[in-house]
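FYI, it's all coordinate maths here, none of it is from the lab. Bear in mind that the values here come from a model prediction, so they are computed numbers and not experimental data. Cβ atoms come from the backbone with ideal geometry, glycine included; neighbour counts cover every protein chain shown.
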Amino acid sequence: MNLKINYKEDILFDSTRDHIRKIYFSDRRPWVIAFSGGKDSTLVLQLVYEMIESLEPGQHKPVYVLISDTQVEPPIIEDYIDKILQLIQWDIVKKELPIKIIKVKPEVEDSFWCKLIGKGYPSPTRWFRWCTSYLKIRPSRKAIEKIVRDHSSVILLLGTRKDESISRKNRMEAREYSSKGLNPHHEIPDALVCSPISDWTTDQVWAFLQDTPPPWDDSHDSMVNLYRQASGDECHLILDLISPSCGGSRFGCWTCTVVKKDLSMQGFIRTGEEWMQPLNVFRDWLKEARENSDMRSRVRRDGSDGPGPFNESARKKIFSLLLEAEKKVGRILISDEEIRYIQHQWQKEFDLEESAIQVANQYGRDIKKMNNFNLSPGDHEIMDDLIASMELQPELIKNILYLVTKKYASLDVYGAQANLKREIANVIETAALNAQTQDDHDL
Ligand code: SF4
């Protein structure tokens, strides 16, 4: 596609540059550019970067490029972003620019896999989209709040445009803007938002990027190719109508079950990235899994009746299938840290055999066991007696044995008694819930 720049576009580009310059010089507040690697945020970064390059050192103020890594980015996008950030970083150092790149990621317990496989959160839907907050909003907000604490206030530059959708346009028009065209951030106090390309159309964005190479040592070719591939080699503008829009990124997480089909992933596969097929198969399966009542607990986390979290066998199955996909694509999809957290969570709920670690190691990972809790022959005898005479669940007995013989072998530590009592109550409660679920299932 060849988008020509005409006189009208030239005026728009110049007036946007003037606007950015005016805001920059209006105060000493640091800037944070939210960068996703997509075309809109690349354009904003480029415009700001070009302006900063043109300044004298005395005119500098801190500028941050904030990028959020959900840790479930499509691998091909992850590679592109890593490459582009490295090029930008080299250029910043070479030119001694006052720009700092900050990459944020979710806390391990908030990661997609720890929530889904560790705690059993059902795969996200449009109505229960728990992921956006954990994977994107929280980590970015934390980083921005830190900058606000250091500098008292901040200006956040976004690549949002009214042309993206009617609802985006309505939301942007409903905001209250200061005379400088800034609006307060709805969640972060002391952060003002600037959307310098809010009035640009998609064609104008592409026309600019096609006509103007980035100021760092690169071209926009790889980005344009990604868009082209993601739309299956059709006109890249089509992508904007079909791809999930989430947190400003055009490419959703590869695990995203909010969309019916991951069209961008399918586009990559159609245009030569067949190795990504196992990811697509896994995603499609995961989307269906939440609808399978046999995979869900019958009780919600708040104790009410209804489809609850993924149950024990579902979590184990998802985990195995993920590791299988990982093996097929030959690339790590879940970190050791996440696997250890999942194990920790399973241990609290139902698993003392460290089966997550065992399974991961069977798939070629090398994760150390956490507490080597093995039942002695004597323990086995006690267990068998109790199970036979009192019809207790083996997991319940094992969990209690583990608590009293291993985790709280000494009660001399301050608070140990109270913690032991609390944990015993928890395992009994979980066992009762499991029994109830099993009874319901058997009816
Ligand atoms: S892209 Fe999908 S999975 Fe990722 S945060 Fe957004 S809604 Fe959730």
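Worth a mention:
- Rounded to whole Hz, the Karplus (6.51, -1.76, 1.60) HN-Hα couplings of the range 103-119, x for glycine and proline: 9, 10, 9, x, 4, 4, 6, 9, 5, 3, 6, 5, 6, 6, 8, x, 9
- Integer Hz, Karplus 6.51/-1.76/1.60 couplings in order for the range 350-365, x for Gly and Pro: 7, 10, 9, 8, 6, 5, 4, 5, 4, 5, 4, 5, 5, 8, x, 7
- Proxy reagent accessibility, fewest Cβ within 10 Å first, across 212, 255: 212, 255
- Aspartates and glutamates with Cα under 17 Å of residue 169, excluding same-chain neighbours fewer than 8 positions away: 40, 199, 203, 240
- Residue exposure proxy: 254, 285, ordered by other Cβ atoms within 10 angstrom of their Cβ from fewest to most, comes out as 285, 254.
- Among the trypsin sites (Lys or Arg not before Pro) within the range 294-386, those in coil by DSSP and having at most 10 neighbouring Cβ atoms inside 10 Å are 368.
- Normalising by residue count, the range 7-220 has a Cα convex hull of 142 Å³ per residue.
- If both residues of a DSSP beta bridge must be in the chain, then about 25% of such bridges are antiparallel.
- Eligible lysines near residue 287 by straight Cα distance, threshold 22 Å, same-chain separation 8 or greater: 115, 119, 136, 260, 261, 316, 317, 327, 328
- In order through the range 193-205: 3J(HN,Hα) via Karplus (6.51 cos²θ - 1.76 cosθ + 1.60), integer Hz, x for Gly, Pro: 10, 10, 10, x, 10, 4, 9, 6, 8, 4, 4, 5, 4
- Across the range 377-442, the fraction of Cα-Cα pairs farther apart than 13 Å, rounded to a whole number, is 68%.
- In the range 70-162, the chymotrypsin sites (Phe, Trp or Tyr not before Pro) that fall in loop regions by DSSP, at most 11 other Cβ within 10 Å: 127
- The orientation-averaged shadow of the Cα convex hull for the chain, equal to a quarter of the hull surface, comes to 26.3 nm².
- Surface/4 of the Cα convex hull for the range 1-82, nm²: 7.4
- Loop GluC sites (Glu not before Pro), the range 316-423, which have at most 16 other Cβ atoms in a 10 Å radius of their Cβ (DSSP): 353, 391
- Between residue 64 and 31, 32, 33, 100, the built amide H atoms are under 5 Å apart, and every one of these is 5 or more places off in sequence or on another chain.
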